[in-house]
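Readers should treat all values here as calculations from the given coordinates under stated rules, not as data from a laboratory. All of these numbers come straight from a predicted model, not from anything done at the bench. FYI the Cβ positions are ideal-geometry reconstructions off the backbone, even for glycines, and counts take in every protein chain you see.
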Amino acid sequence: MKKDRQDVVYKIFRLLRENAIKIIMAIREKERIRWKELQEITKLPTATFNRALSALQEVNFIKKDGHFYTLTWTGKLATDGLLLLGYRMEEEMEEVEDIVAEELLAKDITMAIILLLFVSLRRRGKLNIEKFEKEMKNEMKVIKEVFKGYEKEGYIEIMEGQIFAKDKIKEMDIGKLFQ
């Protein structure tokens, strides 16, 4: 069992090479792309390109749909995470980050929620989706209250629907966030 886990970790680390990242980010941009066009965009040598493409398929980040390559939901999650962490293919990124940051964060949170819902379904066997939706709306109120508390303590500032980090938040120990 431990060796299987190590194999998966190795495969994921192997994917974090620049070649594989170029491929998944190019697929993210085009959504459905043919092999030839993908190779032209990434400008990778054929053998290197094919190895990275194979590794991405092996860990289910991409799939081949007919003659086109597309991202799987895990591939989308990985690319969203890369963008959220500041990955750049081009230099215009600050403006793009502002546009997509909330969208990417919302997608990542949604994927985490879906995963938790499936875990709950597996354990409990059922889920009242209407009650869940109502409770999620209530929890959004809690999130806003938490942010108001951190604003009072000087960590953030809330203005015109935006939350701005203050210098104090950079010094915060994230491990103590909810203490």
Can you compute 3J(HN,Hα) from phi for each residue in the range 142-153, using the Karplus curve 6.51 cos²θ - 1.76 cosθ + 1.60 with θ = phi - 60°, rounded to whole Hz and x for Gly and Pro? 4, 4, 5, 5, 4, 4, 4, x, 5, 5, 4, 7
Under a 5 Å amide H to amide H cut-off, with H placed in plane at 1.01 Å, what residues pair with Ile33 once short-range neighbours are removed? Tyr69
Give me the one-decimal nm value for the distance between modelled label points at Thr46 and Asn138, 7 Å along each residue's Cα-to-Cβ direction. 6.2
What are the ³J(HN,Hα) values, in whole Hz, obtained from phi via the Karplus relation 6.51 cos²θ - 1.76 cosθ + 1.60 with θ = phi - 60°, for each residue of the range 68-75 in sequence order, with x given for Gly and Pro? 10, 9, 9, 7, 7, 5, 6, x
What FRET efficiency, computed as 1/(1 + (r/R0)^6) with R0 = 22 Å and r the Cβ-Cβ distance, is obtained for Arg122 and Thr74, rounded to the nearest 0.05? 0.75
Pseudo-spin-label distance Glu160 to Glu37, built 7 Å along Cα→Cβ, given in nm, is 3.9
Among 130-139, 24-33, how do they line up from the highest to the lowest mean number of other beta-carbon atoms within 10 Å? 24-33, 130-139
